[in-house]
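The values are calculated or read from the model by the stated rules, or taken from the named source; none is laboratory data. Nothing here was measured: the structure is a model prediction, and the numbers come from that model. Note: ideal-geometry Cβ built from the backbone for every residue, glycine included; neighbour counts use all protein chains shown. SASA here: full protein model, heavy atoms, side chains in, ligands and nucleic acids out. Shrake-Rupley method; radii C 1.70, N 1.55, O 1.52, S 1.80 Å.
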Amino acid sequence: MPSSLRPSREREALEDALSRARRALLAQQSDDAAWRVDCDLGPAATAYPLVCLAFTGQLDGETAAGGVRHLASRWLGPGGGWEGYPGAGRGELGATAVVWAALKAVGRPDDDPLLVD
């Protein structure tokens, strides 16, 4: 096979894998636009897939908007951040950091109240 064909086929295989991964992630999204996992991960369970989809170019506007709505509904308010697990009642640095990463990855502006904490 000529080497000029290889990159095209490799790119096609990569795009196919990304498309399958996107479908698998979206199939696990709840009706309220959140992702939930078997462990108590809280809002980070939604933030991680948003970062992944954005980073791989697989995030659509509807999924991004739904994810932001869900994350906003879990926000503890100015100075509060996001819980590390459901029911914690206080923000946790790691959870807040991954939610901020997700909000930036989906294109939220720096002056978004969710990011000015």
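How much length would be gained if the chain were fully extended between ARG90 and ALA24, taking 0.36 nm per residue of separation minus their Cα-Cα distance, in nm to one decimal?
20.6 nm
What does the accessible area per residue of the chain come to in Å², with a 1.4 Å probe and no ligands, DNA or RNA counted?
61 Å²
Quick check for me: using +1 on Lys/Arg Cβ and -1 on Asp/Glu Cβ, what's the dipole size of the chain about its Cα centre, in debye to the nearest 20?
Computed charge dipole of the chain: roughly 320 debye.
Leaving out ligands, DNA and RNA, what percent of the accessible area of the chain is carbon and sulfur, probe 1.4 Å?
Taking all protein chains in place, the chain shows 54 percent carbon and sulfur surface.
Could the peptides 28-34, 11-17, 98-104 be put in order, highest first, of the mean number of other beta-carbon atoms found within 10 Å of their residues?
98-104, 28-34, 11-17
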